[in-house]
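**Student:** Here's a structure for you.
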Amino acid sequence: MNISENINKFRKLIPPEVTLVAVSKTRSGEEIMEAYSAGQRSFGENKIQEMTQKWEDLPKDIEWHMIGHVQRNKVKYMAPFVSLVHAVDSLKLLKEIEKEAAKNDRVINCLLQIKIAEEESKYGINVDEAIKIINSESYRAMEHVKIIGLMGMATLTDDESKIRKEFSFLKNTLQDLRNEDASLTVLSMGMSGDFEIALECGSNMLRLGSSIFGERNFN
Ligand SMILES: *Cc1c(COP(=O)(O)O)cnc(C)c1O
């Protein structure tokens, strides 16, 4: 894999208004720096400790995205620097992020993860729960977290029409939720296997790992 060539390839392929998050979980600092030297600045991790270590070791103009499931007791480690939390799935988690963001005198941007896939294993909440969070008094009172959009993962399948259906559902959900809160603009959907469909369905944030860095051995 030539990582910097891949970054350049995707930069040409992806419309300029779409953010490319290079998913660097399990990758070394050297691999990340190869992407960095090609101009890539947004990186996604799914483990808070790994992300924190990389934040400490690597250039400070990197924007770190937490794309994995978040354990509340670890929010404090990422609160000083995380740029976007993709997988918020409860008011309880949002409250913890609010508390830790306040300590750091920051506003932390978040996405609500909506469950769009069939699989039992996929995290996320349904649309009603999302509306409830957005309209809740406690979220409204928070000054250090801002929900700026939605994230979703499609079913892992070869059935393109199924993936398209799930992504379109998420896009429509964002439109609906914008009636409740117009500051929701980010639609984080699309991974290496399905990013083309995601773009066609209106994604404006892709999370690409293996198509940039090569196949992972685990995770
Ligand atoms: C690992 C991961 C990705 C990237 O997956 P690839 O198939 O390697 O592109 C995207 N999103 C989430 C939430 C992930 O955990």
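The values are calculated or read from the model by the stated rules, or taken from the named source; none is laboratory data. Note that the structure is predicted; figures quoted are calculated from it, not measured. Glycine gets a Cβ as well: all are built from the backbone with ideal geometry, and neighbour counts include every protein chain shown.
**Student:** Within the stretch 5-53, can you find the residues that are small (Gly, Ala, Ser) and surrounded by fewer than 17 Cβ atoms within 10 Å (Cβ to Cβ)? Show your work before the answer.
**Tutor:** Going residue by residue through the stretch 5-53, those that are small (Gly, Ala, Ser) are 22, 24, 28-29, 35, 37-39, 42, 44.
Correct list: Ser28, Gly29, Ser37, Gly39.
**Student:** Next up: For the stretch 140-164, enumerate the residues that are assigned to a helix (DSSP H, G or I) and more than 20 Å from the chain's Cα centre (by Cα). Walk me through how you get there before you give the answer.
**Tutor:** Start the filter on the stretch 140-164 by keeping residues that are assigned to a helix (DSSP H, G or I), which leaves 140-141, 160-164.
Answer for the stretch 140-164, where residues must be assigned to a helix (DSSP H, G or I) and more than 20 Å from the chain's Cα centre (by Cα): Arg140, Ala141, Glu160, Ser161, Lys162.
**Student:** So, one more: Tally up the residues in the stretch 21-41 that are of a type in the set (A, V, I, L, M, F, W, C) and either within 13 Å of the ligand (Cβ to nearest atom) or touching a Cys at 6+ places or on another chain (Cβ under 8 Å) (or both), please.
**Tutor:** 3
**Student:** Considering each residue of the stretch 200-209, count those that are buried (at least 21 other Cβ atoms within 10 Å of the Cβ) and more than 9 Å from the ligand (Cβ to nearest atom), and give that number.
**Tutor:** Qualifying residue count, the stretch 200-209: 3.
**Student:** Please specify each residue of the stretch 75-89 satisfying the condition of being within 16 Å of the ligand (Cβ to nearest atom) and among the charged types (D, E, K, R).
**Tutor:** The initial filter retains those residues of the stretch 75-89 that are within 16 Å of the ligand (Cβ to nearest atom), namely 78, 82-89.
The answer is Asp89, and nothing else.
**Student:** Find the strands (runs of 3 or more DSSP E) located wholly in the stretch 1-115 whose residues include 3 or more that are in contact (Cβ under 8 Å) with a residue 40 or more places away in the chain and more than 30 Å from Phe169 (Cβ to Cβ), and list them.
**Tutor:** none
**Student:** Next question, about the same structure. Which pairs have Cβ atoms under 7 Å, sit 6 or more apart or on different chains, and link a residue in the stretch 194-219 that is in a helix (DSSP H, G or I) to one that is within 8 Å of the ligand (Cβ to nearest atom)?
**Tutor:** Pairs that qualify, where the first residue is in a helix (DSSP H, G or I) and the partner is within 8 Å of the ligand (Cβ to nearest atom), are Phe195/Leu208; Ser210/Ser192; Ser210/Arg216; Ser211/Ser192.
**Student:** For the stretch 153-170, check the following and say yes or no: at least one residue is surrounded by 18 or more Cβ atoms within 10 Å (Cβ to Cβ) and in contact with a Gly (Cβ under 6 Å, 6 or more places away or on another chain).
**Tutor:** Checking the stretch 153-170: at least one residue is surrounded by 18 or more Cβ atoms within 10 Å (Cβ to Cβ) and in contact with a Gly (Cβ under 6 Å, 6 or more places away or on another chain).
**Student:** β-branched (Val, Ile, Thr), under 21 Å from Lys47 (Cβ atoms) and either away from the ligand (no atom under 16 Å from the Cβ) or surrounded by 18 or more Cβ atoms within 10 Å (Cβ to Cβ) (or both): is that true of Ile197 in this structure?
**Tutor:** no
**Student:** Also, quick follow-up: Might you check whether a residue that is out of contact with any Gly (no Cβ under 9 Å at 6 or more places or on another chain), surrounded by fewer than 23 Cβ atoms within 10 Å (Cβ to Cβ) and among the basic types (Lys, Arg) occurs anywhere in the stretch 133-144?
**Tutor:** There is at least one residue in the stretch 133-144 that is out of contact with any Gly (no Cβ under 9 Å at 6 or more places or on another chain), surrounded by fewer than 23 Cβ atoms within 10 Å (Cβ to Cβ) and among the basic types (Lys, Arg).
**Student:** Tell me, which residue of the stretch 176-193 that is assigned to a loop (DSSP other than H, G, I, E, B) and either more than 14 Å from the ligand (Cβ to nearest atom) or at pLDDT below 95 (or both) is surrounded by the most Cβ atoms within 10 Å (Cβ to Cβ)? Walk me through it before giving the result.
**Tutor:** Pass one, the stretch 176-193, residues assigned to a loop (DSSP other than H, G, I, E, B): 179-185, 189-193.
In the following step, the residues that additionally are either more than 14 Å from the ligand (Cβ to nearest atom) or at pLDDT below 95 (or both) were identified as 179-185.
Details: Asn179: 9, Glu180: 11, Asp181: 15, Ala182: 8, Ser183: 12, Leu184: 23, Thr185: 11.
Looking at the filtered set, the residue picked out is Leu184.
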